[in-house]
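Step one of this worksheet: look at the structure below.
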Amino acid sequence: MEALESRGRCGLLVGDRAFYRQVMGLLIPMFVQNTVSNVCSLLDNLMVGAVGAVPMASVAIVNQLLFVFNLCVFGGLSGAGIFSTQYAGARDMDGVRHCFRVKLVLVAVIFVCALALLKAFPAELIGLYLRGEGRPEELDATLALSREYLSVMVWGLPAFALSMMYASTLRELGEVRVPMVASVVSILLNVAGNYALIFGKFGFPCLGVVGAALATVAARYLELLINLAYTHLHPSSFPFIVGAYRTLAIPRALALHICQRGVPLLLNELCWSVSMAVLLQCYSLRGLHVITAVNIAMTVAMLFNCAFFSMGGAVSVMVGHELGAGRLRESQSLAWRLIWLTVELGVAMAALTCLCAPYVPRLYDIDDATRHLATKLLLLGTTVVPLRAFAHASYFVIRSGGRSGITFLLDSGYNWLVTVSVTAGIGYLTDWGILPFYLLSQWSDGLKALVAAAIVRSGAWVRNIVSD
């Protein structure tokens with residue numbers, strides 16, 4: 001009897017061939033897209049770093065600020081995306097079309113708010129990261145370069161938001177290849193543009209960090225063009241786009257339901273991204289060189305962790321489709337299989353990161369002390385990767401059922417109550433070195449997995465929201 005029970009539990013976590021075929025069909029395009037994106041982020045860092053440590057710190061600071069906008073867009077789209085995914089599972093294209101219109105309104109509002117804030121208070125926002133150790137001339141140069149970089153990057157924000165709007169809807173319909181191709185092509189343009197404009201190659205002027213910004217903005221618009229053109233040129237494959245812009249009218253009941261579940265998701269991404277910005281600001285109290293080292297560690301970690309991060313999209317689509325089709329019991333067993341597969345990928349990537357950690361930072365043209373610090377931070381971060389993988393997959397499982405209030409408490413609520421509190425307390429109230437400081441900060445975030453496990457096991461997320 002015990003052997004049968006053990007076998008049953010194992011069967012719950014191990015899928016059949018059809019399961020892995022479906023996972024790989026969704027995961028591989030997103031994994032390729034994210035891997036190419038992170039490789040190019042690494043190359044961007046290397047190219048900007050070759051100009052100097054100050055330019056690299058400037059780009060890192062601005063990108064952290066823009067990260068808040070990016071995640072606000074992601075959060076705004078996620079609320080409508082929960083409904084869109086379940087409508088797709090129910091084959092209701094009118095519902096998908098209405099969700100697409102909600103996304104359009106949301107990204108427009110988010111862009112206007114972000115532009116107003118970034119244009120009105122650039123020096124104040126950048127200055128939050130320049131309160132640590134560093135020579136006055138370095139801090140002044142970092143502020144000046146950051147403002148130049150930001151002044152160009154803001155004009156790529158609408159292209160990013162609209163491209164995300166199209167790409168997210170295509171993924172919710174199960175089409176992951178087109179967004180992948182659009183992203184890969186734009187990233188390659190970004191890398192080529194960075195090389196040409198940062199260093200003045202192929203007859204272009206040598207523009208440094210401004211050149212990096214121009215290349216990124218151009219790449220954003222190319223990505224938008226590909227996603228937009230493919231969608232509109234294939235209306236038979238994507239019938240939601242037919243008449244999508246004919247009116248912005250949205251059924252009142254649906255709009256209220258999306259707002260009810262979407263606003264907490266938007267606030268979650270806003271609060272979570274701001275918490276990440278606050279964490280970097282806390283680390284920066286230990287010096288300008290720490291910003292550079294943390295930026296390197298985070299960029300390299302993202303490259304190695306993109307396998308399990310990409311699983312979030314697969315989890316969202318597969319579980320959302322099951323819920324939308326009314327297969328509630330099946331969605332629970334599917335969720336656990338996807339979560340444990342994500343953890344397995346996380347463990348494998350953590351091991352690979354440990355093997356490569358001593359070597360990748362050597363690619364950067366920085367001083368030895370900062371390079372060694374980046375290696376140590378990277379190794380410390382790997383210790384919590386399995387827990388992060390579990391929490392990451394669980395977040396998308398819970399979100400797929402429209403439990404946005406729970407996801408808010410699990411994600412940004414936990415971050416502010418625990419991770420930010422611990423990190424800010426150490427940063428401002430102690431003189432600990434960055435290594436124990438960083439390790440405790442990472443582990444305080446990783447323990448979120450324990451809360452996530454309890455929520456998933458409770459089954460509170462199992463709901464078909466499009467037929468409620």
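Each reported figure results from applying straightforward, stated rules to the coordinates on display, with no laboratory input. The shown structure was predicted, so the numbers you read here are calculated from the model rather than taken from an experiment. Glycine gets a Cβ as well: all are built from the backbone with ideal geometry, and neighbour counts include every protein chain shown.
As a rough guide to protection, the peptides 99-112, 164-177 ranked by mean Cβ packing within 10 Å, highest first, stand as 164-177, 99-112. Taking only the Cα atoms of segment 254-398, the radius of gyration and Dmax are 18.5, 58 Å. Hydrodynamic estimate: the Kirkwood radius of segment 44-143 over Cα pairs, inserted into Stokes-Einstein at 20 °C and 1.002 mPa s, corresponds to D of 132 µm²/s. Ignoring aspartates and glutamates fewer than eight residues from Lys376 along the same chain, the ones with Cα atoms less than 14 angstrom from its Cα are Asp368. Here the gap between Arg21 and Cys259, fully extended at 0.36 nm per residue and compared with their Cα-Cα distance, gives a gain of 82.2 nm. Each distinct pair of alpha carbons in the chain adds a 1/r term; the inverse of their mean, the Kirkwood radius, is 22.9 Å.
In sequence order, segment 99-107 has phi-based couplings of 5, 4, 5, 4, 4, 4, 5, 5, 5 Hz under the Karplus curve 6.51 cos²θ - 1.76 cosθ + 1.60, θ = phi - 60°, and Gly or Pro positions carry x. At an R0 of 25 angstrom, the distance between the Cβ atoms of Ser237 and Leu328 translates into a FRET efficiency of 0.30. Modelled spin labels at Arg457 and Ser421, positioned 7 Å past Cα toward Cβ, are 2.3 nm from each other.
Normalised by 2.2 N^0.38 Å, where N is the number of residues, the C-alpha radius of gyration of segment 118-190 stands at 1.59.
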